[in-house]
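J.: Can you read through this structure? Questions will come right after.
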Amino acid sequence: MTVFLEILALVGGLAVLIVGADLLVRGAAQLARVFGLSPFAIGVTVVAFGTSAPEMFASIGAALQGVEDLAIGNVLGSNIANILLILGAGAIIAPIGIHRRVRMVELPIMLAITGLSLVLMYDGRISRLDGVLLFVGLIGYVIFIVRAHKVEIEHEGEEVVTHPRSAWLDVLMVGIGVIALGLGAKALVFGASGVAVRLGVPSGVIGTTVVALGTSLPELAATVRAAVGKSSDIAVGNVVGSNIFNLLSVLGVTAMLHPLTMLDIQMTHAWVMLGVSVGLVVFALIRPAIGRMVGIGFLALYAVFTVYVYMG
């Protein structure tokens, strides 16, 4: 019965996290439009934060429950999955164009933050001070994006008069989403840590694969929807923003609440994260789009990484 409950908690927790994230994204994205954010800005701020919410709550929950390696593994695994799995799957559905600004500005920012995170991780610990530094970086990044992409919304005043209660409904949706995320995270950590013990593998391995894959499902759904709709700005912006938020927000906030200690193997995973980030930036500078064959290659690399994690 205990095994069944742990598996149920793992699967059910992931499901509740995804539902909560969806409610949060829908409500927050609608509210963001009121402030005049462009589609790409919404992708790299509101949508990216919303789709990173499962990672945030799962990592915080894991750290507070003493499963620190699961918290770190979740962030590392999610960032690797976002590039190799999420962009790979999206590119197979439809080639994903990468705009010049994304290639020259947003992707290098993602790479710089990834490199900074590795420097902070190098001693095997992420202290509260490290967390504060990452969170300050998050504030600066959001300010930069909002200022760079703020646009005028036509008929804004008319919309407020026509739909006077819509904002309150969106706020309610955000609130319900946050509550669902908290409950789902608690169940997920309970189930994942229990399954890890029974399989005889470190919690960090489960965090880097099963939990990371599960918490990345919102990113997968958002990117696939964007690829189908030929919305490259949202597709690439979602991944870039999510990876940045995972490091600055998820890792930063989690470390501020509870200093984190890494497993030795997780430093290797961190180097893999940096490697795939460098690869994406270099590829984007050479070619303006991620085609189907490249997408297949990304998925193959993710499969190799997953096998390596369990074999290692």
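The values are calculated or read from the model by the stated rules, or taken from the named source; none is laboratory data. Worth saying up front: this structure is predicted, and the values here are computed from it rather than measured. In this analysis, Cβ positions are derived from the backbone assuming ideal geometry, glycine residues included, and neighbour counts consider all displayed protein chains.
J.: Can you confirm whether V201 is on the phi < 0 side of the Ramachandran plot and outside any helix (DSSP H, G or I)?
T.: yes
J.: Just to check your reading of the model, which residue among E159, E154 is over 19 Å from the mean Cα position of the chain (by Cα), of a type in the set (D, E), part of a helix (DSSP H, G or I) and at pLDDT below 80?
T.: Among E159, E154, only E159 is over 19 Å from the mean Cα position of the chain (by Cα), of a type in the set (D, E), part of a helix (DSSP H, G or I) and at pLDDT below 80.
J.: Given (1) modelled with pLDDT of 85 or more; (2) within 19 Å of the chain's Cα centre (by Cα), where does G182 come up short, assuming only one miss?
T.: (1)
J.: Let me ask something else. For residues that are touching an Asp or Glu at 6+ places or on another chain (Cβ under 6 Å) and either among the hydroxyl-bearing types (S, T, Y) or surrounded by fewer than 21 Cβ atoms within 10 Å (Cβ to Cβ) (or both), scanning just the range 244-269, find the one that is nearest to L85 (Cα to Cα). Steps first, answer last, please.
T.: Looking only at the range 244-269, we keep the residues that are touching an Asp or Glu at 6+ places or on another chain (Cβ under 6 Å), and these are 246, 250, 255, 260-261, 263.
Checking which are either among the hydroxyl-bearing types (S, T, Y) or surrounded by fewer than 21 Cβ atoms within 10 Å (Cβ to Cβ) (or both) leaves us with 261, 263.
Values: T261: 27, L263: 24 Å.
Within the range 244-269, the match that is nearest to L85 (Cα to Cα) is L263.
Okay, residues lined up against (1) of a type in the set (S, T, Y); (2) touching a helix residue (DSSP H, G or I) at 6+ places or on another chain (Cβ under 7 Å); (3) in a helix (DSSP H, G or I):
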position	(1), (2), (3)
Q266	no, yes, yes
G279	no, no, yes
A284	no, yes, yes
G295	no, yes, yes
L301	no, yes, yes
F305	no, yes, yes
Y310	yes, yes, yes
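J.: So, I143, is that one exposed (fewer than 11 other Cβ atoms within 10 Å of the Cβ), at pLDDT 70 or above and assigned to a helix (DSSP H, G or I) or not?
T.: Yes, satisfied.
J.: Still on this model: Can you run down the residue pairs with Cβ atoms below 8 Å, 6 or more apart or on separate chains, where the first is in the range 299-311 and over 14 Å from L84 (Cα atoms) and the partner is outside any helix (DSSP H, G or I)?
T.: Y310/V201
J.: Could you run through the range 173-228 and say how many residues are under 19 Å from Q266 (Cα atoms) and either free of Cβ contacts under 8 Å to residues at least 24 places away in the same chain or touching a strand residue (DSSP E or B) at 6+ places or on another chain (Cβ under 6 Å) (or both)?
T.: Adding up the residues that qualify gives 3.
Every residue, every condition in (1) of a type outside the set (G, A, S); (2) touching a residue at least 40 places away in the same chain (Cβ under 8 Å); (3) on the phi < 0 side of the Ramachandran plot, yes or no:
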| site | (1), (2), (3) |
| --- | --- |
| G66 | no, no, no |
| A71 | no, yes, yes |
| V75 | yes, yes, yes |
| S78 | no, yes, yes |
| I86 | yes, yes, yes |
| I96 | yes, yes, yes |
| E106 | yes, yes, yes |
| L111 | yes, yes, yes |
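Condition check ((1) surrounded by fewer than 23 Cβ atoms within 10 Å (Cβ to Cβ); (2) farther than 30 Å from G291 by Cα; (3) within 13 Å of the chain's Cα centre (by Cα)) across all residues:
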site: F57; (1), (2), (3): no, yes, yes
site: G61; (1), (2), (3): no, yes, no
site: E68; (1), (2), (3): no, yes, no
site: N74; (1), (2), (3): no, no, yes
site: N79; (1), (2), (3): no, no, yes
site: I92; (1), (2), (3): yes, no, no
site: R103; (1), (2), (3): yes, no, no
site: L111; (1), (2), (3): yes, no, no
site: R125; (1), (2), (3): yes, yes, no
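J.: Now for a different question. Do we have V272 as in contact (Cβ under 8 Å) with a residue 24 or more places away in the chain, surrounded by fewer than 24 Cβ atoms within 10 Å (Cβ to Cβ), assigned to a helix (DSSP H, G or I) and aliphatic (A, V, I, L, M) here?
T.: yes
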